[in-house]
Structures are given as C-alpha cells and as structure tokens.
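These notes concern the structure reproduced below.
The values are calculated or read from the model by the stated rules, or taken from the named source; none is laboratory data. The shown structure was predicted, so the numbers you read here are calculated from the model rather than taken from an experiment. Using ideal geometry, Cβ is built from the backbone for each residue, glycine included, and neighbour counts are taken over all protein chains shown. Each accessible area value is taken on the protein alone, full model and side chains, heavy atoms only, with ligands, DNA and RNA left out. Shrake-Rupley method; radii C 1.70, N 1.55, O 1.52, S 1.80 Å.
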Amino acid sequence: MPAALIWLIVALGLAGAEALTGDMFLLMLGGGALAAAGSSWLLNLPIWADGAVFLMVSVLLLVLVRPALRRRLTPAAGARTGVQALEGKNALVLDRVARDEGQVKLDGQIWTARPLNDSDVYQPGELVTVMHIDGATAVVWKNV
C-alpha cells in the first residue's frame, strides 16, 4: 500500500474523530496528515520526510489556525434578557422609596421599589440604580 494512501486514510480518520470531539485539535492533525499525503504523492519523499511534513503542518495549524477558528466558532456570551437585563439600569423615583413603599420608572414601566439598605429613603425626582429584581420589586441604590 503506498504511503500517500496511508496518510490519506489517517487524515480521514482524524477528521472523522474530530466530529466526535468538536475541539478542533484532531482536525488540525488531520490537516497535517493530508499535507503529508500530498507531499508523499507529489514528491515521492521517504517516510521520515512525510513525518516531518506532518509535524510541521500540524504544529502550524495548531498554533495559527486553531485559535482563530475557535474564536470564530465559539458563541458569544448571550445577551441578558428579562429581569437580568434591568439590573444596573437607572430609574427615576416617582413615589417616595422607603423600606415598605415606593415606585420607580424603569425602562418606561412603573415598578414597585425598595431601597437596598432598609434605612435609606429616596424622594421623587431622584435617580437610582437598580441593583437587582426581587420578584416584582426593584431593589435600588442611590446614584452618586
């Protein structure tokens, strides 16, 4: 069996194994094996030279191509939705916000609010920051 055919089988085997892992490591090794198969077929090099081609191309692919490919294919952090998207936003105090009472206007909607510290009191017209949402109540903190 010619060496080029063996390298081609190795390349296909590594590419197939990559389908099971998804880490892009075996695919880069498969690219090195494909390069070794091509060099063996075109140049009829000895087996040690094919191994050197495999090693060099695999290392180059792992160092140069794999990081860029993983960045491109890795999904970005998902956008915050729902109540998580409201945390950190500014709100306008509509009714006095104290421990057991208060309303703020947040993203165009009126929310029940309470201060982060029970002793704080915010007056209408003040801007506050939403620290988190507790059920249907915005827990707010005074902007500095």
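Structure above, values below:
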{"quantity": "Leading residue at positive end of dipole, the chain (Cβ point charges), from P115, A19, V59", "calculated": "V59"}
{"quantity": "Helix runs (DSSP H) in the chain reaching 24 Å along axis by Cα, Kyte-Doolittle at least 0.5", "calculated": "3-21, 25-43"}
{"quantity": "For the range 1-93: accessible area per residue (Å², 1.4 Å)", "calculated": "66 Å²"}
{"quantity": "Computed magnitude of the charge dipole of the range 83-142 (debye, nearest 20; Cβ of K, R +1, Cβ of D, E -1)", "calculated": "120 debye"}
{"quantity": "Reciprocal of mean inverse Cα separation for the range 1-105 (Kirkwood radius, Å)", "calculated": "17.6 Å"}
{"quantity": "Reduced Cα scattering model of the range 50-122, Debye log10 I(q)/I(0), q = 0.20, 0.25 Å⁻¹", "calculated": "-0.88, -1.09"}
{"quantity": "Apportionment of accessible area to carbon and sulfur, the chain, percent (1.4 Å)", "calculated": "64 percent"}
